[in-house]
1. Among Ile24, Ala116, Tyr79, flag the residue with its Cα farthest along the positive direction of the charge dipole of segment 2-136, charges on Cβ as +1 for Lys/Arg and -1 for Asp/Glu.
2. How would you rank 95-103, 119-127, highest first, on the average number of other Cβ atoms within 10 Å across their residues?
3. Going toward the positive end of the dipole of the chain, with +1 on Lys and Arg Cβ and -1 on Asp and Glu Cβ, which of Thr107, Val69, Ile59 do you reach last?
4. Obtain the nm distance between the two label points defined at Asp56 and Ser121 by a simple spin-label model: each point lies 7 Å from its Cα along the Cα-to-C-beta direction.
5. When the helix-only estimate is applied to the chain (DSSP H runs of n ≥ 4, each -39,500 (n - 2.57), divided by the residue count), what is the mean residue ellipticity at 222 nm, nearest 500 deg cm²/dmol?
6. Might you report the magnitude of the Cβ-based charge dipole of segment 48-120 about its Cα centre, with Lys and Arg at +1 and Asp and Glu at -1, to the nearest 20 debye?
7. In the chain, what is the count of Lys pairs whose alpha carbons are under 20 Å apart, counting only pairs at least 8 residues apart or on separate chains?
8. Using the crude model of +1 on Lys and Arg Cβ and -1 on Asp and Glu Cβ, and no other charge, please compute the dipole size for the chain relative to its Cα centre, in debye to 20.
Amino acid sequence: MRHILIAGHSRISEGIASAVELIIGEKIKYFNAYLPGEPFFVGKIMEEIKKYSCDDEVIIVTDILGGSVNNEMQNFLNYDNVHLICGMNLALIIGLVMADENENISTVIEECIEEAKSGISYCNLWKHKEAQDLDEF
């Protein structure tokens, strides 16, 4: 079985999880980091991972490369069944959730990352390109 866990600073992961549920109806596990009065998120993630079989695949997605959340999650790379991705966005999470569990996990991750990256665009350039295309017509 494949499990997706998302973690990020403040409530970013909660917001992404909420959007995923709204769009595709799938609930995913999220972990808020560094909120006042809440237990340290790393322990909560460890408890979650311990629930899974060593044959299960675990994908942890964090918000930003070099951030403290991602740095803490690197400790889980000691587990052979854990895969860590940083740079979380909604397209990435939806792609991972909807991916075929029978497909190779590394392939799924690489394809989802590429797809999510291709969805990032500076939309003002479209306006200028459309105007340029009209001028050329």
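Please treat every number below as a calculation from the coordinates, not as lab data. Model, not experiment: these values are computed from the prediction. Neighbour counts are summed over all protein chains in view; Cβ atoms, including those assigned to glycine, are modelled from backbone coordinates with ideal geometry.
1. Tyr79
2. Numbers: 95-103: 14.1, 119-127: 8.6.
Averaged packing, sorted descending, gives the order 95-103, 119-127.
3. My answer, from the dipole projection, is Val69.
4. Reported label-point gap for Asp56 and Ser121 is 3.8 nm.
5. Here the helix-only value at 222 nm equals -14500 deg cm²/dmol.
6. Values: 3 positive and 14 negative charges, 68 e Å.
Using only the charged Cβ atoms, the result is roughly 320 debye.
7. Eligible lysine pairs with Cα atoms under 20 Å apart amount to 6.
8. On the way: 10 positive and 23 negative charges, 124 e Å.
For the chain, the charge dipole is close to 600 debye.
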